[in-house]
Amino acid sequence: MRSNPKSEIQNPPLNMEVYLDHVSTTPLHPEVLEAILPYLRHNFGNPSNLHHVGAAARKGISAARDQVAAFIGSKPDEIIFTSNGTEANNLALKGIAFARQDKGKHLIVSSIEHFSVLHTARTLEKWGFKVTYLPVDGYGLVNPQDVKEAITDQTILVSVQLANQEVGTLQPIAEIAEIIRAQSAIYFHTDAVAAAGAVELDVEKLGVDLLSLSGQQFYGPKGTGALFVRQGVRIIPLFDGGIQERGRRAGTENVAGIVGLGKAAEIAKQETGNWAEHTLRLRERLFAGLKQRIDHLYLNGHPEIRLPGNLNLSVKFVEGESLLILLDMEGIAASSGSACTSQALKSSHVLKAMGVDAVQAQGSLLFSLGRENTEAEIDYVLKKLPPIVERLRGMSPLYSSELR
């Protein structure tokens, strides 16, 4: 990361509400809310019906499919709407495994995937599949050569996330795809949930066959997601029932949510570059300011190849949970890792796989910035966090020993 000479605090207000947990969820974009409302009030029909009420709902879904396809550079028919990113990841892994088990029963995933991939892989192991878990280096990067060496004549799917949800490291997806494309019998899936709205998405440039999205990660509604499935790739549905989503995802569609997801995708396609520039500038200001004010502070993840709004730090000699509680009392919302495991109080599997020291990992703190954050909010954090760290370290016997 670059140092920022303009990190002096500009007298922020005494009290503020600062939301720096966009990796957990983003606030709904006002234009998305406006797009959704007609489908909660008037266009309430079931899109499977042939009458005009159903047709209005069906028209909304069709427009959303076009918007999501344009967002990632795919064809509309290659989009399957799901209830969230977790369902999209489950459908990708289980759907391909079931469809291709006559070709082989071996999958490859990285060891720092979201639990919706890792736990799905472990379930498939219980059902007779074999899974190779790829290691990562100290920055959280997968080595494409490791993918090549893990491939066997039984491999049917490789799944490597585009960006890590905790440390923000971006994976060399296109390079991995080139290796996989040399093996025509293997499909490539990427979980792009953490990357959507932060970096450009283009399934052709990435070279993937399947890609997962979650609406709540780029200012869309919760309870919405999508899975891109390249034309010609056969997938077995998770649910039995009707023929919605061309028979690939049964169940009456969440019409309002899908319309909101489509609008969010349309906005993100236009604004991702601006959002990235804005959050990167604020992140550099925050990191430079904290480095000036707090010693024994360590950056987790790659210093350059990472999401622009992600700042994952380890504050040595304090516990991350204590930091979060005291920050929250000052009106600052941050996290220590994935929201899906934040209440489990377990050490991060991502930091562990990266080889981060256990004591250092215990003090991990994740700031994830969004389009609405301001310099005044960053300066407020710079004012509030250092005395919190000093207070906690004052109670730490390990820190006292360090000073002797």
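Tabulated results
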{"item": "Rounded Å value of the spacing that divides the Cα centres of segment 80-150 and segment 8-52", "result": "31 Å"}
{"item": "For residue 159, distant residues with modelled amide H under 5 Å away", "result": "108, 109, 110, 189"}
{"item": "Charge sum, other residues only, whose C-beta stays under 14 Å from residue 176's C-beta, Lys/Arg counted +1 and Asp/Glu -1", "result": "-4"}
{"item": "Table column - 3J(HN,Hα) (Hz), segment 132-144, Karplus curve with 6.51, -1.76, 1.60, x for Gly and Pro", "result": "9, 9, 6, x, 10, 8, x, 9, x, 8, 7, 8, x"}
{"item": "Among 84, 46, 164, residue whose mean-square fluctuation peaks in a GNM of the chain (springs only between Cα atoms under 10 Å)", "result": "46"}
{"item": "Simple Cβ-charge dipole of segment 37-105, Lys/Arg +1 and Asp/Glu -1, about Cα centre, in debye nearest 20", "result": "80 debye"}
{"item": "Selection from 314, 36, 219, by position along the positive dipole direction of the chain (Cβ)", "result": "36"}
{"item": "Computed over segment 233-372, the ratio Rg/Rh where both radii use C-alpha atoms and Rh is Kirkwood", "result": "1.09"}
{"item": "Largest-first ordering by accessible area, 1.4 Å probe, given options 19, 380", "result": "19, 380"}
{"item": "Ordering of 171-178, 185-192, 259-266, 321-328 by packing [mean C-beta count within 10 Å, highest first]", "result": "259-266, 185-192, 171-178, 321-328"}
{"item": "Within-13-Å neighbourhood charge of residue 328 [Cβ basis; K, R +1; D, E -1]", "result": "-3"}
{"item": "Computed magnitude of the charge dipole of the chain (debye, nearest 20; Cβ of K, R +1, Cβ of D, E -1)", "result": "600 debye"}
{"item": "Among 118, 11, 170 - extreme Cα towards positive end, dipole of the chain, charges at beta-carbon", "result": "118"}
{"item": "Segment 242-310 - percent relative contact order, Cα under 8 Å, separation 6 or more", "result": "27 percent"}
{"item": "DSSP bridge orientation in the chain - percent antiparallel, rounded to nearest 5", "result": "50 percent"}
{"item": "Debye intensity ratio I(q)/I(0), log10, segment 91-187, q values 0.16, 0.17, 0.19, 0.25 Å⁻¹ (C-alpha model)", "result": "-0.62, -0.70, -0.88, -1.44"}
{"item": "Protection proxy ranking of 285-298, 231-244 - average other beta-carbon atoms within 10 Å, highest first", "result": "285-298, 231-244"}
{"item": "Calculated P(r) tail over 14 Å for segment 176-262, as whole % of Cα pairs", "result": "69 percent"}
{"item": "Segment 93-200 - percent relative contact order, Cα under 8 Å, separation 6 or more", "result": "28 percent"}
{"item": "Max mean-square fluctuation residue, GNM over the chain, Cα-Cα springs under 10 Å, options 82, 120, 224", "result": "120"}
{"item": "Sequence of 390, 245 when ordered by accessible area, the most exposed leading, probe 1.4 angstrom", "result": "390, 245"}
{"item": "Local net charge near residue 131, Cβ-Cβ under 12 Å (Lys/Arg +1, Asp/Glu -1)", "result": "+2"}
{"item": "Percent of alpha-carbon pairs separated by more than 21 Å within segment 18-124", "result": "58 percent"}
{"item": "Ranked by how many other beta carbons lie within 10 Å on average, peptides 51-57, 275-281 from highest", "result": "275-281, 51-57"}
{"item": "Solvent-accessible area per residue for segment 90-212 (1.4 angstrom probe, square angstrom)", "result": "36 Å²"}
{"item": "Enclosed volume per residue, in Å³, of the convex hull spanned by Cα atoms of the chain", "result": "143 Å³"}
{"item": "³J(HN,Hα), Karplus 6.51/-1.76/1.60, whole Hz, each residue of segment 152-168, x for Gly, Pro", "result": "10, 6, 9, 6, 10, 8, 10, 10, 9, 5, 6, 9, 7, 6, 9, 9, x"}
{"item": "Angle in degrees between helix 375-393 and the longest Cα principal axis of the chain, rounded to the nearest 10", "result": "60 degrees"}
{"item": "Under the Karplus curve 6.51 cos²θ - 1.76 cosθ + 1.60, θ = phi - 60°, whole-Hz ³J(HN,Hα) for segment 52-60, x wherever Gly or Pro sits", "result": "5, 5, x, 5, 5, 5, 5, 5, x"}
{"item": "Cut-off under 5 Å, modelled amide H: who pairs with residue 306 long-range", "result": "170"}
{"item": "Rounded percent of accessible protein surface that carbon and sulfur make up, the chain, 1.4 Å probe", "result": "51 percent"}
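The values are calculated or read from the model by the stated rules, or taken from the named source; none is laboratory data. Computed from a predicted model, the values in this text were never measured in an experiment. Backbone-built Cβ (ideal geometry, glycine too); neighbour counts: all protein chains shown. The protein model used for the area step is the full one, side chains on, heavy atoms only, and it has no ligands, DNA or RNA in it. Shrake-Rupley method; radii C 1.70, N 1.55, O 1.52, S 1.80 Å.
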